Amino acid sequence: MTDGWRGRAPAEIEGETNPTLSLEPGVEYELRWENVDGRPHNVVIHDSAGIELERTELVRDEGETQTLTFTASREMDAYFCEVHPTSMRGEIALGESETETTAESARDSVFATGPSGRLELVAEGLTAPFRMKVPPGDSDRRFVVDQLGYVHVLGPDGLADEPFLDISDQLVAVGEGTWSSYDERGLLGLAFHPDFQDNGRFYVRYSAPGGPFADFGHRELLSEFTAVSNLEAADPDSERVFLDIPHPGPIHNAGAVTFGPDGYLYVAVADGSGANDWQDGNGHVSDWYDGNQGGNGQDVTENLLGSILRIDVDGTGGERPYAVPDDNPLVDREGLDEHYAWGLRNPWQMSFDDDGRLFVADPGASRYEEVNIVEKGGNYGWNVREGTHCFDAGTFGNPADCPKSTPESIRGGEELRDPIIEYPHTTGDGTPIGSAVVGGHLYDGDSFPQLRDKYVFADFSTSYETPSGTLMAAAPSSDGDGLWSIEEVVFEEFEHGRLDRYIFSVELGPDGELYLLTKKSAAPKDQNGAIYKLVPPDEPTGTSSGTEGAAGSVEPTVGDVAQAGDGTGDTHRDLVVLGGLGGLTAIVLYLLGRDESS
């Protein structure tokens, strides 16, 4: 769903997040930082208008250090890594700073204010609820996918005591070691066969150990299971593996699976980790675009990554336990037959509307989030483009020019299609907007007439460090062309109208209403995951939405600078984490201040 970084948090800063740096104008500071994860990072300081004041070059080698000496000025507003400007970011306090009111006004320039709602607690005590699905013909049960390998049944009386399916012992180790604070592997997707009431068949996507890649490599499996005992439980021994896809890294796993109105199974597969779809070539292949080193998103011949697949689970094809629909776009052409569409980065969630349109939410790299209406044979541009913008995989910037289609030699020059929805990670003045789109549904319920026929979706969190999920709705522009307009749904009981939790998914219940799958901390541990129903503001809620899950404790969010005086006579020496989800660290940064007047 979102980017992470291979980081090792030193013990003295374990759990720290990006603090506000209190600087004094006229004081010279020496900023020393170390790259601890071997990914591209740098440090930029800019003013409130987004104008760059100081910048270091990108460095990629683990253990490499840099030093930046600068004199603090009142114009300085924030420091960040330009590759990860939302998550690896901290504010600078120099006298009067930008007020929260100003920040909210900046957000208003991107999102209009939409309807208000409240949250009704439906279930708690989960670890990381990724999906909630309702089988065809079943109006009483909702099936909740928990990342650590469980499918729980949520009925009228709450969560059942025993899981419907438990494959926790079949998963790759999730949330351990370097990735203890954030991990996208696990049990990722669930889809019920259209004839589930008769045949009991359902399909899951999960991350299994093994495969050709070292370190965090694994296999992404699509498996069929069968329910028994009047469909009350799954038979764990009934597994049939349909797809076994080698995956090189712990993020960009996507995982959504859903049946289309044509009866075929659609499978979302991400590009294989690496914020730029390259990751030094580990599991990533060359492609047709010379402007970047390569990437799985633009390849359809070497692997199935970065694509939406479509298969027929009711047929067979040679040694395969499934068939490929005859009208899949690459049948009898160069490329792997399972492909339905490609050019995607991390298609986290997808859904069909009543007209058969396939909405796919695809989290971006460092600048833009996007939602596409995916059609057969469509190329959605990654990693040539990020949203409607050109993308440079080397600098993570957006160059002025890039192709709008493939060459004629590549499938006849297919168009690189633009999304229908796009929003930035930050405003022009650096105000955080979002970090990762998590998708949703076209709403047709009764509780919110203002949202009817709009695509309702969410952003994981305004900030990686502090849970602050945003719910949004989008509709076509008045002229019917271009990007859809976006409005923000306001939660009345929370500051600034945003949820104080991370949002993993927006789902539809059997009642046609909207449910938010959330967690208080980003780490795949601690039972602080919860499911909420969106209800009108004047409708009483059965449970306070501020109630914590059964696990009780919530991981702290730290914003203070860790003081570590070194006895050298310097004014102060501040140890700062630049970038992190909980304790996940990409950069260790030391700020050394010297008062020139002393």
Got at least one residue in segment 194-204 being more than 21 Å from the chain's Cα centre (by Cα) and surrounded by 22 or more Cβ atoms within 10 Å (Cβ to Cβ)?
yes
Within segment 511-523, how many residues are over 16 Å from THR466 (Cα atoms) and under 16 Å from the mean Cα position of the chain (by Cα)?
2
Segment 153-178 - residue that is assigned to a loop (DSSP other than H, G, I, E, B) and among the small types (Gly, Ala, Ser) and, of those, nearest to GLY260 (Cα to Cα):
ALA160
Does ASP392 fit the bill of being surrounded by fewer than 24 Cβ atoms within 10 Å (Cβ to Cβ), charged (D, E, K, R) and either over 28 Å from GLU334 (Cα atoms) or in contact with a strand residue (DSSP E or B) (Cβ under 7 Å, 6 or more places away or on another chain) (or both)?
no
Can you name the number of the only condition in (1) in contact with a helix residue (DSSP H, G or I) (Cβ under 8 Å, 6 or more places away or on another chain); (2) β-branched (Val, Ile, Thr); (3) at pLDDT 95 or above that ILE373 fails?
(1)
Identity of the residue in segment 166-182, out of contact with any Lys or Arg (no Cβ under 9 Å at 6 or more places or on another chain) and closer than 18 Å to VAL204 by Cα, that ends up surrounded by the most Cβ atoms within 10 Å (Cβ to Cβ):
ILE167
Pull up segment 115-128, narrow it to residues that are of a type in the set (Gly, Ala, Ser) and buried (at least 21 other Cβ atoms within 10 Å of the Cβ), then point me to the one that is farthest from PRO163 (Cα to Cα).
GLY117
Taking MET76 as meeting all but one of (1) on the phi > 0 side of the Ramachandran plot; (2) at pLDDT 80 or above; (3) touching a strand residue (DSSP E or B) at 6+ places or on another chain (Cβ under 8 Å), write down the number of the exception.
(1)
Matching residues, segment 20-35, being in a strand (DSSP E or B) and acidic (Asp, Glu)
GLU28, GLU30, GLU34
Does ASP337 count as more than 18 Å from LEU222 (Cβ to Cβ) and over 26 Å from the mean Cα position of the chain (by Cα)?
no
Spans of strands (runs of 3 or more DSSP E) in segment 248-314 with at least 2 residues buried (at least 24 other Cβ atoms within 10 Å of the Cβ)
265-269, 307-311
Hey, VAL384 under 29 Å from ARG201 (Cβ atoms) and either in contact with a Phe, Trp or Tyr (Cβ under 8 Å, 6 or more places away or on another chain) or of a type in the set (A, V, I, L, M) (or both) or not
no
Out of the residues in segment 179-220 meeting the condition of being in a loop (DSSP other than H, G, I, E, B) and more than 23 Å from PRO524 (Cβ to Cβ), tell me which one is modelled with the lowest pLDDT.
PRO212
Under 6 Å by Cβ, and 6 or more places apart or on different chains, what pairs join a residue from segment 236-256 that is assigned by TED's automatic domain parsing to the domain that holds ASP314 with one that is among the polar types (S, T, N, Q) and assigned to a loop (DSSP other than H, G, I, E, B)?
PRO248/SER273; PRO248/ASN282; GLY249/SER273; ILE251/SER273; HIS252/SER273; HIS252/ASN346; ALA254/ASN346
Residue pairs within 6 Å by beta carbon, gap of at least six or interchain, first lying in segment 377-392 and more than 21 Å from PRO40 (Cα to Cα), second surrounded by 22 or more Cβ atoms within 10 Å (Cβ to Cβ) and of a type in the set (S, T, N, Q), listed first then second, are TYR380/ASN372
Only one of PRO407, PRO419 is in contact with a strand residue (DSSP E or B) (Cβ under 8 Å, 6 or more places away or on another chain), over 21 Å from ALA522 (Cβ atoms) and either assigned to a loop (DSSP other than H, G, I, E, B) or at pLDDT 95 or above (or both); which?
PRO419
If the requirement is being under 16 Å from GLU239 (Cβ atoms) and small (Gly, Ala, Ser), which of these qualifies: ALA160, ALA173, ALA191?
ALA191
Of the conditions (1) charged (D, E, K, R); (2) farther than 21 Å from GLU124 by Cα; (3) part of a loop (DSSP other than H, G, I, E, B), GLU493 clears all except one; give me its number.
(2)
Residues located in segment 345-362, provided they are of a type in the set (D, E, K, R) and part of a loop (DSSP other than H, G, I, E, B):
ARG345, ASP353, ASP354, ASP355, ARG357
Per the filter on segment 462-490, residues under 19 Å from the mean Cα position of the chain (by Cα) and either free of Cβ contacts under 8 Å to residues at least 24 places away in the same chain or in a loop (DSSP other than H, G, I, E, B) (or both) are THR462, SER463, TYR464, GLU465, THR466, PRO467, SER468
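The values are calculated or read from the model by the stated rules, or taken from the named source; none is laboratory data. Remember, predicted model here, so these are calculated numbers, not experimental data. Note that each Cβ is placed from the backbone with ideal geometry, even for glycine, and that neighbours are counted across all protein chains shown.
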